[in-house]
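Quick notes on the structure that follows.
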């Protein structure tokens, strides 16, 4: 990786001030910032390459189509997919997970079971709730250990021949917990279950090999890995994708249409109806290139070090509760915490006044909040472009916040 100063110079967003203070951006789990190569690629597309892909019979259209399809190959290499044809472009993780749930790869009947974890983001829970309600299937939850990790004993106890789907996050967007996806997939496949992975907090933050994971679907978003918003990926095993049907119908995804019937293009193009987010795909390609230049394993190690330093510093404060695993190797760059009985929004507001951007609330994980017994948490999430000085500043700011409210008889 380049020096931290060189890296930070690539991210213009980080040069801002907020409420009269230098901005400390620690909301990376919500969205990461975009480096100059991504921003320049978007401008380049709209000013020099703004044509549609696949359909134009002229040189500029052919060049843009080649660039677009080249990103499909980039994504495949990044996650070690066996073929670029296993890569379906979506608008984000949420759409990708909905495709996995409702695209026909999952066949359920009454009393079949869908197994999810208590730590799931709503996008990997709500579709399964809806699918269960439609089919009469039963939704079951894998509980967590007191350390905030997946309870493997409970997982094995609840997994059965009735389990048709196992849906799990590769890394929790609240606890930071990194789950053993390969072991989960291997065990689930022993009973014939389909395995769906929400990898929004993993891709771009740790090395991922979907062939080693062995899942059936993996979903992720570009904007959480330095890319633009509105672009995401559904990776699927080729045989599983072949079982699916499109959820949107129209132009581009068809092979032939007569008055009476329609035939569709092959996988993955049959799933990409209409004009896609071409600029988003091109920007995603530049983001992948930037991440690979920095080194994904190096990025992971840096984010884990920053998160471990932050978690340790917060745990040392008497009124602060930090959630999730203690071990830095078991977690990603997310650190969720609460300060005494203070509402998370109040804490975040005080931090905002000091120039620090964090998230507060239930983080689209209300089942997890119920499990923790809290209405919400403050969530700080680091990226490789954050510094130890920023982490230490947040710890100091939380300490001051704690002291301020204590002095006024609150918290």
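Points to keep in mind about this one:
- Length available on full extension from residue 209 to residue 19: 0.36 nm per residue minus the Cα-Cα distance, which gives 64.2 nm.
- Once the Cα atoms are used to define both axes, helix 126-135 deviates from the longest principal axis of the chain by about 50 degrees.
- Rounded, prolate or oblate (a/c below 1.5 giving rounded, otherwise prolate when a/b exceeds b/c) for the chain by Cα gyration tensor: oblate
- Ordered by the count of other Cβ atoms within 10 Å of each Cβ, fewest first, 326, 51, 7 give 326, 51, 7.
- Extension gain, residue 161 to residue 30: 0.36 nm times the residue separation minus the Cα-Cα distance gives 43.5 nm.
- For the stretch 165-223 and the stretch 292-357, distance of Cα centres in Å: 22
- Ordered by the count of other Cβ atoms within 10 Å of each Cβ, fewest first, 151, 392 give 392, 151.
- Gap separating the Cα centres of the stretch 1-64 and the stretch 250-277, nearest whole Å: 31
- Each peptide in 171-181, 202-212 receives the mean, over its residues, of other Cβ atoms within 10 Å, and ordering these scores from highest gives 171-181, 202-212.
- In terms of its Cα atoms, the stretch 1-63 spans 52, 26, 21 Å along the principal axes, sorted from long to short.
- Shape class of the stretch 186-273 from the Cα gyration tensor (axes a ≥ b ≥ c, square roots of the eigenvalues): oblate, since a/c reaches 1.5 or more and a/b does not exceed b/c.
- Extension gain, residue 83 back to residue 345 (0.36 nm per residue minus Cα-Cα distance, nm): 89.8 nm
- By average C-beta atoms within 10 angstrom, highest first, the peptides 362-371, 128-137, 331-340: 331-340, 362-371, 128-137
- Förster radius 35 Å - calculated FRET efficiency between residue 229 and residue 3, Cβ distance, rounded to 0.05: 0.80
- Relative contact order of the stretch 39-292, defined on C-alpha pairs under 8 angstrom at six or more residues apart (%): 24
- Degrees, to the nearest 10: 296-315 long Cα axis against longest axis of the chain: 30
- Taking the C-alpha atoms only, the angle from helix 344-353 to the longest principal axis of the chain is near 80 degrees.
- Least to most buried among 249, 68, 385 (fewest other Cβ within 10 Å first): 249, 68, 385
- Within the chain, DSSP assigns beta bridges of which about 55% are antiparallel (rounded to the nearest 5).
- Förster radius 45 Å - calculated FRET efficiency between residue 126 and residue 58, Cβ distance, rounded to 0.05: 0.55
Bear in mind that the values in this text are calculations on the coordinates, not laboratory data. Every value quoted in this text rests on a predicted model; they were computed, and no experiment measured them. Because the Cβ atoms are built from the backbone with ideal geometry, glycine has one as well, and the counts that use them run over all protein chains shown.
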